[in-house]
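All remarks here apply to the structure that follows.
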Amino acid sequence: MRGLRDFKVPDFKFPKLKMKSMAEIDEVKVDYEEALKKAQENENKKETKNYISTNYETMQEVFYKSIKEYAKKEFILEKFDAKGKYAQISYEQFGEDVTSFGTALMRKLNLGDNPRILIVSETTYQWYVSYMTLLCGNGIAVPTDKELPDNELLNVIKRSRADIIIYSEKKEDAIKRVISSIPEVKYFVKMYSEQGINGKHVGMNYLIEEGKALVSNGDDSYSKVQVKPDEFKVLLFTSGTTSSAKGVMLSSRNLAENINAVSAYVKLYPSDRFFSVLPLHHTYESTIGFLLPIACGSSIAICQGLKHIVPNLQETKPTALLAVPLLIENLYRKINANIKKSKKDGLVNSMIHVTNALKVVGVDLKRKVFAEIHENLGGNLRIIVSAAAPIDAKIGKWVEDIGIVFLQGYGLTETAPIAALTPEFRPKVGSAGKAVEKAELKIENPNENGEGEVLIKSPTLMLGYYEDEEATKEVIEQIEGQRWFHSGDVGYLDKDGFLYITGRSKNVIVTQNGKNIYPEEIELLLSNIPEIKECMVYGKEDKEDKTNKELIISVKVIPNMEELEAKHGKELADEKIREIIWEKIKEVNKKLTSYKAIKNLEIKKDEFEKTTTMKIKRYAELKKNQ
């Protein structure tokens, strides 16, 4: 999830598997009668209640507790030299840098109360320092997508009325191109720069050192700042960032309640290490991938970039991976293609069946049996979390089959982001999770299948849209004195309260006789076709017959050439590729009710335009059709 407007999944490389047969695995002596008895006892004792959750009100509270409690422990791992080793930065160092930077912002730049400070940078240590400094000080953070074109970056700077821009060296050229249009910005702070104050320009290293000197001389102005739980602390612009994009206002309580919510469903430890591969301007990564680990005393390993995912996993050995479905799907496909290439697919399937059966009777050998697969992912991975879009349940099941806990989360920027999450003690692969503690989900006007718009009530719910009271009122409804958020997502709740997302209301295709078709539902089925790399289902106007108002259910497909060539030979003509894929689509059509069946196929040769969370920009793709 970074810089992915024209995202291309890297070609993950895994070594050939040697996997031992079950006969070669250390002999396991199992007293099955005793094991079954034990398994039944465990089932009876199985956790059905939430864990005891934390009760933080502000991120300031979390920060000061953690830098004291975990002072000497490693916090951030980053490669500052592309060819070197990972450097480790401790909680103590992080705490000092945040306090020093915050003190310098207050004392050296004299910005007054609540300055707006925009951060535009790739994931790097000083991004974390910048964000935490603002959460615990007297500023409003504006985390911004580093991939924005100049006109959109300029728009965010102007709309947020930024007083300061903190930027990385990689963004220096972009800042130079827009600087003449933003005279209202008071300072430009360059990360990792030693430059003293020179007009409006200053280095972040310089400010940290100046702040350090002030603190050592007794200046405690930064630590004396009192952050109120419900004050406006973060401004995030929703994807698109055009003049119509909404600015989401979040409070410190919104962020802290995410930590409380997760702690009730998942146990995390100081020994855990998160792997950061998603962009930090998204709340999914900045909240669950940064603020949550700091609260648990865990560490964070920064991925060097998408093409480095596998070697970085192997080098840093993380225990937790936050990802979007596209990334998990491609890891799944590459690993399984490698298993097949090694002619071990039959053996692996047998191992899955046997280890699943053994687990039922209380003997869990999965990490041992699938050790070779685990080593490809670093060796210590115990949790994978999927969010941002639906994922095929088959892939989640496979993750669990090889011995990794698979969790799904659901939320939006407006819920900072967590609204629902899978409890690790009660997994339900395929669902988007269960309403987190203190939150409620309900379905508005459900149809005959129980589907309707998902409404959310949660302490993580935003303060509102920035300078847009009308838009806020459109999505937040007061029901019996409670604030309920209209998510725009369509789904249903099962008897246990688990949420299943079936579509996005604004993507819905409505037939002439009033039937609703959710593209995401069909796309999930099509994702099972190996010959399809990516696809987008939509309703197309019939240009041949202007009198026909019925939309034609169409799909744009990017072929998986690697799979096509492996199965059908190289140098395939375009017509042959189309023919092969169309035959596969016809098989999917048999599983769909007639009005949902795909009637039109378009083969796409270029990449889909994407958001930085790897979601296809449907509106951009549909605009191309026009």
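The values are calculated or read from the model by the stated rules, or taken from the named source; none is laboratory data. Being a predicted model, the structure only gives us computed values, none of them experimental. Every residue, glycine as well, gets a Cβ built from its backbone with ideal geometry; the counts of neighbours run over all protein chains shown. Side chains included, ligands, DNA and RNA excluded: accessible areas come from the protein's heavy atoms. Shrake-Rupley method; radii C 1.70, N 1.55, O 1.52, S 1.80 Å.
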The simple spin-label model distance between Thr511 and Ala393, using points 7 Å out along Cα→Cβ, in nm, is 2.4 nm
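Treating the beta-carbon of each Lys and Arg as +1 and of each Asp and Glu as -1, no other charges, what is the dipole magnitude of region 453-605 about its Cα centre, to the nearest 20 debye?
Values: 25 positive and 31 negative charges, 108 e Å.
Using only the charged Cβ atoms, the result is roughly 520 debye.
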Taking only protein heavy atoms and a 1.4 Å probe, the highest-to-lowest accessible-area order of Asp545, Asp81, Asp392 is Asp81, Asp545, Asp392
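At 1.4 Å probe size, put Cys136, Cys296 in order of accessible surface, largest to smallest.
Numbers: Cys136 0, Cys296 25 Å².
The ranking, largest first, comes out as Cys296, Cys136.
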Asserting the computed 222 nm helical MRE of the chain (DSSP H runs at least 4 long, -39500 (n - 2.57) per run, divided by residue count, to nearest 500) equals -10000 deg cm²/dmol
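Let me spell out the model: positive unit charges on the Cβ of Lys and Arg, negative unit charges on the Cβ of Asp and Glu, origin at the Cα centre of the chain. What dipole size does that give, in debye rounded to 20? Kindly include the intermediate steps, with their values, before the conclusion.
Values: 93 positive and 92 negative charges, 211 e Å.
Value, rounded to 20: 1020 debye.
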For Lys176 the rounded accessible area (nearest 10 Å², probe 1.4 Å, non-protein molecules ignored) is 130 Å²
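Could you work out what % of the accessible surface of the chain is carbon and sulfur, using a 1.4 angstrom probe and leaving DNA, RNA and ligands out of the count? Don't jump to the answer; show the numbers that get you there.
Numbers: 13690 of 28300 Å².
Its accessible area is 48 percent carbon and sulfur atoms.
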Plugging the Cβ-Cβ distance of Glu621 and Asn217 into 1/(1 + (r/R0)^6) at R0 = 41 Å yields, to the nearest 0.05, a FRET efficiency of 0.10
Using a 1.4 Å probe on heavy atoms of the protein chains only, the accessible area for Leu499 in Å², nearest 10, reads 0 Å²
Semi-axes a, b, c in Å (a largest) for region 327-468, each sqrt of 5 times a Cα gyration tensor eigenvalue, come to 35, 16, 15
Expressed in nanometres to one decimal, the distance between label points 7 Å along Cα→Cβ at Lys605 and Lys68 is 6.5 nm
The long-range amide H neighbours of Lys617, using H built 1.01 Å from N in the peptide plane and a cut-off of under 5 Å, are Glu609, Lys610, Thr611
Pseudo-spin-label distance Glu579 to Ile552, built 7 Å along Cα→Cβ, given in nm, is 2.1 nm
For the chain (alpha-carbon point model, no solvent) the Debye-based log₁₀ I(q)/I(0) at q = 0.06 Å⁻¹ works out to -0.35
Expected field for Glu169, accessible surface area in Å² at 1.4 Å probe radius, rounded to 10, holds 130 Å²
Rounded to 0.05, the calculated FRET efficiency for the beta carbons of Lys170 and Asp494 at R₀ = 45 Å is 0.50
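How large is Rg/Rh for region 573-626, to two decimals, with Cα atoms and a Kirkwood Rh? Could you put the intermediate results ahead of the total?
Values: Rg = 13.8 Å, Rh = 13.3 Å.
Here the Rg-to-Rh quotient is 1.04.
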Heavy-atom accessible area per residue of region 197-289, all protein chains kept, 1.4 Å probe, expressed in Å², is 35 Å²
Treating only Lys and Arg (+1) and Asp and Glu (-1) as charged, each at its beta carbon, one finds that region 359-411 has a dipole about its Cα centre, in Debye to the nearest 20, of 120 debye
In this structure, the FRET efficiency calculated for Ser271 and Asp542 from their beta-carbon separation, with R0 = 60 Å, to the nearest 0.05, is 0.50
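Kirkwood hydrodynamic radius, computed over distinct alpha-carbon pairs, for region 122-214: how many Å, to one decimal? It would help to have the intermediate numbers written out before the result.
Numbers: mean 1/r = 0.0728 Å⁻¹.
Roughly 13.7 Å, rounded to one decimal.
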Full extension between Asn114 and Lys442 adds, at 0.36 nm per residue less the Cα distance, a length in nm of 114.4 nm
Listed by chain and number, the aspartates and glutamates with an alpha carbon less than 12 angstrom from that of Lys591, same-chain partners under 8 positions apart left out, are Glu521
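Longer than 25 Å from Cα to Cα, which of Lys340/Lys394; Lys16/Lys428; Lys158/Lys233; Lys83/Lys307 are they? Say none if no pair is.
Working: Lys340/Lys394 17 Å; Lys16/Lys428 32 Å; Lys158/Lys233 18 Å; Lys83/Lys307 14 Å.
Beyond 25 Å between Cα atoms: Lys16/Lys428.
What order do Leu255, Leu365 take when sorted by accessible area (1.4 Å probe), most exposed first? All intermediate terms of the calculation are to be shown ahead of the outcome.
Numbers: Leu255 0, Leu365 30 Å².
Result, largest first: Leu365, Leu255.
At 0.36 nm per residue, and after removing the present C-alpha to C-alpha distance, how many nm does the segment from Gln88 to Lys224 gain when stretched out fully? Walk me through the intermediate numbers first.
Details: separation 136, 0.36 × 136 = 48.96 nm, distance 2.88 nm.
Extending this stretch completely gives an extra 46.1 nm.
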Excluding residues fewer than 8 positions from Lys79 in its own chain, the aspartates and glutamates with Cα under 14 Å of it are Glu122, Glu315
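When the chain is fully extended, how far beyond the present Cα-Cα distance does Asn449 get from Glu467, taking 0.36 nm per residue of separation? Show your work: numbers first, answer last.
Values: separation 18, 0.36 × 18 = 6.48 nm, distance 3.82 nm.
Using 0.36 nm per residue and subtracting the Cα-Cα distance, I get 2.7 nm.
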Per the charge dipole of region 512-626 (beta-carbon charges, Lys/Arg positive, Asp/Glu negative, Cα centre), the residue among Leu564, Ile532, Tyr518 reaching farthest to the positive end is Tyr518
